Amino acid sequence: MVCLHATDPATVFLSTWARVEGMTVSDLEAALYVERSLVKHLAMRRTMFVFARETMGFVQAGASDRVADSERRRLIRDVEKAGLHPNGERWLSAACEHVLAVLSDGRQASSSQLRDEIPLLEGSIAYGQGKPWGGQVPVGPRVLTTLSAAGRIVRATNDGGWTISRPRWASTRSWLGEEIAPHTQREGVARLVEQWLRVFGPGTAADIKWWLGSTVAAVRRALGDLHAVEVDLDGQTGYLLGDDLEATEPVEPWAALLPALDPTTMGWLEREWYLGQHKAQVFDTNGNAGPTAWWDGRIVGGWRQSDTGDVVLQMLEDVGAEGRRALEHEAARLTEWLGGTRVRPRFPSPLSRVAGAGQ
């Protein structure tokens, strides 16, 4: 994979379980928090992902710098509008300097600990004024989001179980032992597009633009830099890398239970070829995918957990006896692996909200 979605913390573990035989929670936690070969980072589409450490330089240049610039400009505007400081840029620079100073000695600290020590992180900004869903959002976490998107700080150890996100923050240098390697934006975008094509290709320029959260011009430039080859996708123009044009060998039908926001479910913009007519059941109105059941390369349903923690299939179509047996086997495996731990999707799909559907 290019990366794993991490907006929902459980997704990282369940996506890995689906792909790595024998994987345990402690295995992945060791990679994240001990070996630090995997890093949580805000990147494409202002979304949290887990990346291999060696790719961080290209991720930063190709996606995260763009997110950081947007976050910084929005925060400066909102601070001034809320009356927290007349010069939002000066206020943000000072707040960032204080955070970096507190974390400079290799210390890890939670958001609340940093707020208690740094007065500039206090205060809140109103949102949705006059709306029933309006309220106040604290400004401190937005400063940390801006710093992390810029690659200055990272989410270090987690002050909770694997289904909960309560990160302690650390400076990037202290956590990784070095700063993120610098690259040009053009080089970063090209490397991200290259990785996407390796994993998800063939795909269209629209697929890549959506996944990258960038512009058509940037995608076209990257495809040119990579000398990507045009291929026909049922009348649409798709792309592959020049050394990846050999026909793939047929594979036996396979079953998989993937979690909410799994990178395969979320890998393309144009999903009809593997999603069929199930979009309204599997995705919420904001485009977040719930847990899915796959048979032979297509989404055929979803899954949920019962009150006792058992994994229950929610079929949306008949996959025949062989497919049903294979998916029931996966459900039993996942039930055993979870061992009673309840996983509740942060962004439940309509199907995952329906108790008893398709059992």
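Some points to look at:
- Some residue of the range 149-162 being out of contact with any helix residue (DSSP H, G or I) (no Cβ under 6 Å at 6 or more places or on another chain), surrounded by 16 or more Cβ atoms within 10 Å (Cβ to Cβ) and of a type in the set (Gly, Ala, Ser): no
- Residue ID - surrounded by the fewest Cβ atoms within 10 Å (Cβ to Cβ), chosen from residues in the range 226-254 that are more than 28 Å from Lys279 (Cβ to Cβ) and not hydrophobic (A, V, I, L, M, F, W, C): Glu249
- Filtering Ala126, Ala101 for residues that are in the same structural domain as Pro167 (by TED's automatic domain parsing), small (Gly, Ala, Ser) and at pLDDT 95 or above leaves a single hit, Ala101.
- Just one of the listed residues (Ala95, Ala63) is in a helix (DSSP H, G or I), in contact (Cβ under 8 Å) with a residue 60 or more places away in the chain, among the aliphatic types (A, V, I, L, M) and not assigned by TED's automatic domain parsing to the domain that holds Lys209, namely Ala63.
- Check on Arg173, over 28 Å from Asp78 (Cα atoms) and not in a loop (DSSP other than H, G, I, E, B): yes
- Flag for Thr248 being over 27 Å from Ala43 (Cα atoms) and hydroxyl-bearing (Ser, Thr, Tyr): yes
- Comparison of Ala280, Ala321, Ala293 shows that the only residue that is within 23 Å of the chain's Cα centre (by Cα), assigned to a helix (DSSP H, G or I) and modelled with pLDDT of 95 or more is Ala280.
- From the list Leu223, Leu257, the one residue that fits, being crowded, with 17+ Cβ neighbours inside 10 Å, outside any loop (DSSP other than H, G, I, E, B) and either among the β-branched types (Val, Ile, Thr) or without any contact (Cβ under 8 Å) to a residue 40 or more places away in the chain (or both), is Leu223.
Results for (1) among the aromatic types (Phe, Trp, Tyr); (2) assigned to a loop (DSSP other than H, G, I, E, B); (3) farther than 27 Å from Leu338 by Cα; (4) outside the structural domain of Thr204 (by TED's automatic domain parsing), shown as yes or no for each residue.
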| residue | (1), (2), (3), (4) |
| --- | --- |
| Asp232 | no, no, yes, no |
| Thr248 | no, yes, yes, yes |
| Asp307 | no, yes, no, yes |
| Gln314 | no, no, no, yes |
| Glu317 | no, yes, no, yes |
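- Residues of the range 179-197 satisfying the condition of being hydrophobic (A, V, I, L, M, F, W, C) and in a helix (DSSP H, G or I): Val189, Ala190, Leu192, Val193, Trp196, Leu197
- Among the residues making up the range 146-160, those that are of a type in the set (Gly, Ala, Ser) and touching a residue at least 24 places away in the same chain (Cβ under 8 Å) are Ser148, Ala149, Ala150, Gly151, Ala156.
The values are calculated or read from the model by the stated rules, or taken from the named source; none is laboratory data. Because the structure is predicted, anything quoted here is derived from the model rather than measured. Virtual Cβ from ideal backbone geometry, glycine too; neighbours counted across all protein chains shown.
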